[in-house]
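See below for the structure under consideration.
The values are calculated or read from the model by the stated rules, or taken from the named source; none is laboratory data. Since we're looking at a predicted model, the values are computed, not measured. Note: ideal-geometry Cβ built from the backbone for every residue, glycine included; neighbour counts use all protein chains shown.
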Amino acid sequence: MKVTKEELPQREALLTIELEPQDMEPHLQRAYQRIVQRSNIPGFRKGKAPRAIVERFVGPDALREEALDSLLPDAIKRAIAEQELDSAGMPRVNEIEGDPPIVKATVPLEPLVELDDYLAIRADEEPVEVTEEQVRELLEHLRREQAPWEPATRPVSFGDQVTMDVRGAVDGRDILNQQGVVYVAAEENPSPVPGFVQELVGMNQGEDKEFTLTIPEGYGDEGLVGSECIFHVAVHENKEKRLPELNDEFAKGVGEGYDSLNALEEQMRVDLQSQEEQAARRRYEDKVVPLLLERTKVEISPLLVDHEVAHLLEDEREALKRQQVDMEQYLKDVGKSAEEHQEELRSVALSRLTRSYALRKVAVLENIEISPEDVEQEINALVESVGNQGDAVRRNFDTPEGKHSLSEVLLNRKTLERLTGIAKGQQSAPASAAVEQPAEASGQGGREDAGTT
């Protein structure tokens, strides 16, 4: 195998790999073994036909294509190692021609990252304070959550739980028809359309009512937007919450129980303080990271950005699939072409990669590392936090892939902690000079990839 390298702009390299017959032969043999096992060739039992017969049966091109499936990743991997390239992700095969084949592949290289005096970053912290009003609001919310539903002898009011039959028709065609549906008449409830709950309020048990509402955008079939829908509602039962008194007895029934109402309130203050501190920490990170990016120059391979766009699209498809919506329908709903959507995602992908590589550069300069013991400690903490699901969590993370993923999370967390510490004016240990060089951190700034595309 002969390999030549050409440096390309924007952190990419072009490899030309000239394969020899001896490079092809092991992969051709393995391709034959795979094909013969799945082919029914007249005159031979499955898996027993000689290679020459199989090649005549399926054609030499089919055998060659099958061989290339395993040959290309192996050959490109060896070529990258031979040329000592700092590969950052999945190479792209540009062309294959000739026999033996000559392969041309583009390899994305580690981005060049330059930080300009990140130690000078400063940002003010916001004070974190839990007010008595927040405690009262949380206590009132808990009081409502704990209260049982009991039959109401009055007309429907906001906040009641109503059991009803409801039918909605547009131009005589039912678009909604449910019997015995349980509906919470919250004032902000927009279902099935805005204005419905307001019509329900004031109705009595056993009462029927008919009313008309206009279907706005974003509710149901687009073809129904602007249509007049005639609703018919029959109320069968109305329930309200009877709020318990806020006293020591109430506190004893919350969770595993508290000795007194004062003890419950104190725990609420502690929990609220923790939540507010976490939220403030995230907001502070959101303030500091852009300050880092203002001081960052990153040269990233367009191929890396393409890969990240593909990952973002796949994540979107999975999210839409869970909502039983396909990508084509989503793009139609938002009025965008696939090309326009991909161009929007390129901006998102570039921002994510820039952020990731900037933080990795900080990790290198600040000598931040994650040890196997750190990963194991985090796994143990996760297992302990989920109780009965601990075994499943351990199985998910107790693999090379799981541990690598968790290590990346921990590295990002520790780096953000260090960066926010710098922004608060805490002294940093001497860092190496911020010069233009590849980000010296393991793994890709966006996601781990292997193989070719």
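Conditions tested, residue by residue: (1) touching a residue at least 12 places away in the same chain (Cβ under 8 Å); (2) outside the structural domain of Pro91 (by TED's automatic domain parsing); (3) surrounded by 12 or more Cβ atoms within 10 Å (Cβ to Cβ); (4) not hydrophobic (A, V, I, L, M, F, W, C).
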residue: Glu266; (1), (2), (3), (4): no, yes, yes, yes
residue: Gln273; (1), (2), (3), (4): yes, yes, yes, yes
residue: Leu293; (1), (2), (3), (4): yes, yes, yes, no
residue: Val309; (1), (2), (3), (4): yes, yes, yes, no
residue: Ala319; (1), (2), (3), (4): no, yes, no, no
residue: Gln329; (1), (2), (3), (4): no, yes, no, yes
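Contact map, the range 120-131: residues that are closer than 15 Å to Ala279 by Cβ paired with residues that are assigned to a loop (DSSP other than H, G, I, E, B), Cβ distance under 9 Å, separation 6+ or inter-chain. Pairs shown: Glu125/Lys424. Identification of strands (runs of 3 or more DSSP E) wholly contained in the range 143-242 with 1 or more residues that are of a type in the set (Val, Ile, Thr) and outside the structural domain of Asp333 (by TED's automatic domain parsing) yields 161-170, 173-184, 208-214, 228-241.
Residues that are exposed (fewer than 14 other Cβ atoms within 10 Å of the Cβ) and within 23 Å of Glu65 (Cβ to Cβ) within the range 1-29 comprise Lys2, Glu20, Pro21, Gln22, Glu25, Pro26, Gln29, listed in sequence order.
Say whether the condition of being of a type outside the set (Lys, Arg), under 29 Å from Arg395 (Cβ atoms) and in a helix (DSSP H, G or I) is met by at least one residue in the range 349-357.
Of the residues in the range 349-357, the ones of a type outside the set (Lys, Arg) are 349-351, 353-354, 356-357.
Checking which are under 29 Å from Arg395 (Cβ atoms) leaves us with 356.
Those left that are additionally in a helix (DSSP H, G or I): 356.
Among the residues of the range 349-357, at least one is of a type outside the set (Lys, Arg), under 29 Å from Arg395 (Cβ atoms) and in a helix (DSSP H, G or I), which makes the answer yes.
For the condition touching a residue at least 24 places away in the same chain (Cβ under 8 Å) and not β-branched (Val, Ile, Thr), Arg78 qualifies. Of all residues in the range 331-351, those satisfying the criterion of being exposed (fewer than 14 other Cβ atoms within 10 Å of the Cβ) and among the polar types (S, T, N, Q) are Ser337, Ser347, Ser351. Summed over the range 84-97, the residues that are surrounded by fewer than 17 Cβ atoms within 10 Å (Cβ to Cβ) and within 22 Å of Val113 (Cβ to Cβ) give a count of 2.
Which of the following residues is under 22 Å from Ile175 (Cα atoms), hydroxyl-bearing (Ser, Thr, Tyr) and surrounded by 14 or more Cβ atoms within 10 Å (Cβ to Cβ): Tyr258, Tyr219? It would help to see each step written out before you state the result.
Values: Tyr258 fails: under 22 Å from Ile175 (Cα atoms).
Only one candidate passes the filter, namely Tyr219.
Of the residues making up the range 68-85, at least one is modelled with pLDDT of 90 or more, assigned to a loop (DSSP other than H, G, I, E, B), in contact with a helix residue (DSSP H, G or I) (Cβ under 9 Å, 6 or more places away or on another chain) and not assigned by TED's automatic domain parsing to the domain that holds Glu308.
Residues in the range 2-33 that are in contact with a Ser or Thr (Cβ under 9 Å, 6 or more places away or on another chain) and either over 28 Å from Gly89 (Cβ atoms) or assigned to a loop (DSSP other than H, G, I, E, B) (or both): Gln10, Arg11.
Quick check, is Val386 out of contact with any strand residue (DSSP E or B) (no Cβ under 9 Å at 6 or more places or on another chain), at pLDDT 90 or above, in the same structural domain as Glu308 (by TED's automatic domain parsing) and not polar (S, T, N, Q)?
Values: out of contact with any strand residue (DSSP E or B) (no Cβ under 9 Å at 6 or more places or on another chain): yes; at pLDDT 90 or above: no; in the same structural domain as Glu308 (by TED's automatic domain parsing): yes; not polar (S, T, N, Q): yes.
Answer is no for this residue.
For the range 92-120, filtered to residues that are outside any strand (DSSP E or B) and of a type in the set (Asp, Glu), the residue that is farthest from Arg418 (Cα to Cα) is Asp99. The set of residues from the range 198-249 being in contact with a Leu (Cβ under 7 Å, 6 or more places away or on another chain) and either in contact (Cβ under 8 Å) with a residue 60 or more places away in the chain or among the β-branched types (Val, Ile, Thr) (or both) comprises Ile215, Cys229, Phe231, Val233, Leu246.
When we screen Glu114, Glu125 for residues that are within 30 Å of the chain's Cα centre (by Cα) and surrounded by fewer than 15 Cβ atoms within 10 Å (Cβ to Cβ), the only hit is Glu125. Check whether at least one residue in the range 61-81 is over 40 Å from the mean Cα position of the chain (by Cα) and over 15 Å from Ser301 (Cα atoms), and report yes or no. Taking every residue of the range 61-81 in turn, at least one turns out to be over 40 Å from the mean Cα position of the chain (by Cα) and over 15 Å from Ser301 (Cα atoms). Ser347 fulfils the conditions (1) in contact (Cβ under 8 Å) with a residue 24 or more places away in the chain; (2) under 23 Å from Thr296 (Cβ atoms) except for a single criterion, (1).
Every listed requirement among (1) exposed (fewer than 12 other Cβ atoms within 10 Å of the Cβ); (2) of a type in the set (Val, Ile, Thr); (3) closer than 22 Å to Cys229 by Cβ is met by Thr131 save one, (3).
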